[in-house]
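The values are calculated or read from the model by the stated rules, or taken from the named source; none is laboratory data. Predicted, not measured: the structure shown is a model, and the values here were computed from it. Positions of Cβ are backbone-derived with ideal geometry, glycine not excepted, and every protein chain shown enters the neighbour counts. Note: areas computed on protein heavy atoms with side chains; ligands, DNA, RNA excluded. Shrake-Rupley method; radii C 1.70, N 1.55, O 1.52, S 1.80 Å.
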Amino acid sequence: MIALILATLRDATSLLLRGLLVVTLPLIALILLALQGTGAVYAELAELAFPLRLALSAWVAGVAVAGVIALGTLLTAAQSGLPRTHYLAGFWRLVRLWIVQAVWLIPAALLIAAVAALLGDAVRAPVAEYADLRAAAPWTTAPALEIATGLVLHTAMLTISATWLWPPVVLLRSDGRIREGRPIARRMLQRIASLEWFLVLMLIPVLAVSLLYPPAGLLGVLLIVLCPAVTVVAIQRSSDAFRHATSGRFPIVWR
């Protein structure tokens, strides 16, 4: 079991190294650029009540992470052998899935608003201090809090719904609709032992380190890039599980 997870991690890392210029670096640049938008949203909403201001900024961070993971799924699948004929249709399916996930992130953002309202100045003061620091040097300070917030919201959504494999399943199942991919993704996750725990446990030390030492927040960026590679490789290494989860239909032929 552990050997399988380590092999999946090895193959995912190898995949990202092979696609350094066309997959890894573009995704890193995109997530850093997208998370800059979180700070911009917070700054522009100065007239809004603090809890809602924080919640909306957190939602933007979560949506940014979800978007990069969706795009990363397409790019890593292409790097690992996805036929070109599936690129365009797969892209639009992932866009639709991203919109669905953005809606799913709204309750989590509202929960953050409720907690912020309950704690009041205990949250407002450190957030304001961090926002001032980031506003003073947006391109030379690590967006540690934005990365952590986006990862927590996105991870919580995937863990509660057990849909870690939803993006690659939606991409690969070219003969199905998005909502049909969700139960398949859940069944497949059950068939790939310990994958979910591995993905969650990867997050904990990264969050701890990035919050204690903000420059290490860039580790979170690497984790965001690694996540779609791990899920794509996990499915590629477990084609039997995919066949069982999809009643024998496996439309994509890997090289």
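Being in contact (Cβ under 8 Å) with a residue 12 or more places away in the chain, open to solvent by less than 60 Å² (accessible area, probe 1.4 Å) and assigned to a helix (DSSP H, G or I) holds for only one residue in Leu52, Leu32, and it is Leu32.
Each row is one residue, and each column tells you yes or no for (1) of a type outside the set (Val, Ile, Thr); (2) touching a residue at least 60 places away in the same chain (Cβ under 8 Å).
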{"residue": "Leu145", "(1), (2)": "yes, yes"}
{"residue": "Leu153", "(1), (2)": "yes, yes"}
{"residue": "Val170", "(1), (2)": "no, yes"}
{"residue": "Arg173", "(1), (2)": "yes, yes"}
{"residue": "Ile178", "(1), (2)": "no, yes"}
{"residue": "Met188", "(1), (2)": "yes, no"}
{"residue": "Met202", "(1), (2)": "yes, no"}
{"residue": "Leu207", "(1), (2)": "yes, no"}
{"residue": "Leu212", "(1), (2)": "yes, no"}
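Tell me which of these Leu153 doesn't satisfy, since it passes every other one: (1) at pLDDT below 90; (2) aliphatic (A, V, I, L, M); (3) touching a helix residue (DSSP H, G or I) at 6+ places or on another chain (Cβ under 8 Å). Here Leu153 clears every test but (1).
To keep it simple, each residue is scored yes or no on (1) assigned to a helix (DSSP H, G or I); (2) open to solvent by 40 Å² or more (accessible area, probe 1.4 Å).
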residue	(1), (2)
Ala135	yes, yes
Trp139	no, yes
Ile147	yes, no
Val152	yes, yes
Leu158	yes, no
Val169	yes, no
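Within region 92-128, the only residue that satisfies the criterion of being within 22 Å of Leu32 (Cβ to Cβ) and open to solvent by 80 Å² or more (accessible area, probe 1.4 Å) is Trp98.
Filtering region 193-209 for residues that are modelled with pLDDT under 80, out of contact with any helix residue (DSSP H, G or I) (no Cβ under 6 Å at 6 or more places or on another chain) and assigned to a helix (DSSP H, G or I) leaves a non-empty set. May I ask you to list pairs of residues, at least six apart or on different chains, whose Cβ atoms are under 6 Å apart, with the first in region 69-86 being at positive phi and the second being open to solvent by 10 Å² or more (accessible area, probe 1.4 Å) and assigned to a loop (DSSP other than H, G, I, E, B)? Listed by first residue and then by second, the contacts come to Gly81/Trp254; Gly81/Arg255.
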